[in-house]
Amino acid sequence: RMKQLLTFAVLFCIAIAEGFGQKVWYNPISSSQLTYIQNQGWNEDGGNYHRFPNRAKGKVRDKVWQLSCQSAGLSIRFKTDAHDISIKYKVTQPLNMPHMPSTGVSGVDLYRSDDQAFCFGNYKFGDTIHYNYKVDKEIKGKKEVEYVLYLPLYNEVTQLEVGVPAKSRFALVPAVKANPIILYGTSIAQGACASRPGMAWANIVSRTLNRPLINLGFSGNGKLESEVISLICEQRPSLVILDCMPNMGAIDSAEIIKRLKEAVRRISQLPNVSILVVEHAGNSNVLTYRAEGEKSARCNQAQQQAYAQLQKEGIKNLFYLSKEELNLSPDSWVDYVHPSDFGMMQYASVMSSKIKDIVERKIK
């Protein structure tokens, strides 16, 4: 008799939990041909949140491969009528850095797609990272709302799931792959030192222009390498942004010119592609530390020479963004070179305007 009562009590509690608090969890990694990982570029392997395909391992330098396993720029889109949205996932690397918080290195970021409204989530970092979002305001006339979830900028993600209450509607949105922008750059392109993923300048640009953007920013390792250019040439981008000068300081000027010219020549062979070459934006301490300013200036001068030579060769749809156009102030950086959220917004604003200008010129 007592055993029957205990069994009934357990079943009753389970029923109550299912009715009031139970969540259904959805895994964006699909076993089908359909991919739900936005901005991934290569999804031929499935089952991961890496930026390069597995076959790139051993072809690119080991450090570039390791950084490509970090999920900078990747996102997941989904539609739901839920007001309670939870995210849980695991990462393989340290949660933070001295100059960049856990929310930027290892956190996620949720935005409402229609109006780019930011959703704040309570978070807890541990062996499993948890974010929980409460969204009680709706867009009029829409029962289901589309959201975009930005993944960590500086960590490798595993086992990610999105949870909503059991009776809620939920659908993942397939990845958009047509005519992406490809960004090849440095730690600044990867997202250092944004306080959260949505504030990385590349994610701001992608969100502002509503365009897919494949982020190939590799911290300390954006060096215009032939192996990376080969992978870029496998894609069909509408625009390739080359923003590598902050990592070229240890490379002599002749080699910078050689690498940039080779990269542009190869990419320009792709159909209907534009190329934007970006200068080193400078340093926060340029007025107080001469060597830093001289190094970035030398890289920019070499790039200017390469650009002039490419123009003489008649390379079409080749554009340039200067340090003066970027116009970052000393307070735009967290340290000597990595932008703060303020600097990221400045960078993104100038970049978005430049891209719009390129698109308009191409149409004409």
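The values are calculated or read from the model by the stated rules, or taken from the named source; none is laboratory data. Quick caveat, the model's predicted, so the values are computed rather than measured. For neighbour counting, all protein chains shown are included, and Cβ atoms are generated from backbone atoms with ideal geometry for every residue, glycine included. Areas reflect the complete protein model, heavy atoms only, side chains present, ligands, DNA and RNA absent. Shrake-Rupley method; radii C 1.70, N 1.55, O 1.52, S 1.80 Å.
General remarks:
- When the GluC sites (Glu not before Pro) in the stretch 212-283 are filtered for DSSP coil states and for at most 14 other beta-carbon atoms within 10 Å of their beta-carbon, the remaining sites are 234.
- Extension gain, residue 125 to residue 176, is 15.3 nm, computed as 0.36 nm per intervening residue step minus the present C-alpha separation.
- Apolar share of the accessible surface for the chain: 52 percent from carbon plus sulfur atoms, 1.4 Å probe.
- Of the residues 219, 184, 86, the one whose Cα sits farthest towards the positive end of the charge dipole of the chain is 86 (charges of +1 on Lys and Arg Cβ, -1 on Asp and Glu Cβ, taken about the Cα centre).
- Estimated dipole of the stretch 97-142 in Debye, rounded to 20 [Cβ of Lys and Arg +1, of Asp and Glu -1, Cα centre]: 140 debye
- Solvent exposure of the chain as accessible area per residue, Å², 1.4 Å probe: 47 Å²
- Compared with the rule-of-thumb size 2.2 N^0.38 Å for a compact globular protein, the stretch 100-249 has a Cα radius of gyration ratio of 1.15.
- For the chain, taking Cα atoms only, Rg and Dmax work out to 22.5, 93 Å respectively.
- With only Cα atoms counted, the stretch 123-211 has Rg and Dmax values of 15.6, 44 Å.
- Ordered from highest to lowest accessible area with the whole protein assembly present and a 1.4 Å probe, 350, 228 read as 350, 228.
- Each part gets one Cα centre, and for the stretch 151-187 versus the stretch 69-107 those centres are 9 Å apart.
- Each 5 Å bin from 0 upward holds the following percent of the Cα-Cα pairs of the stretch 171-229: 4, 18, 23, 23, 17, 12, 2, 1.
- Residue-averaged 222 nm ellipticity for the chain, from DSSP H runs of 4+ at -39500 (n - 2.57), nearest 500: -10000 deg cm²/dmol
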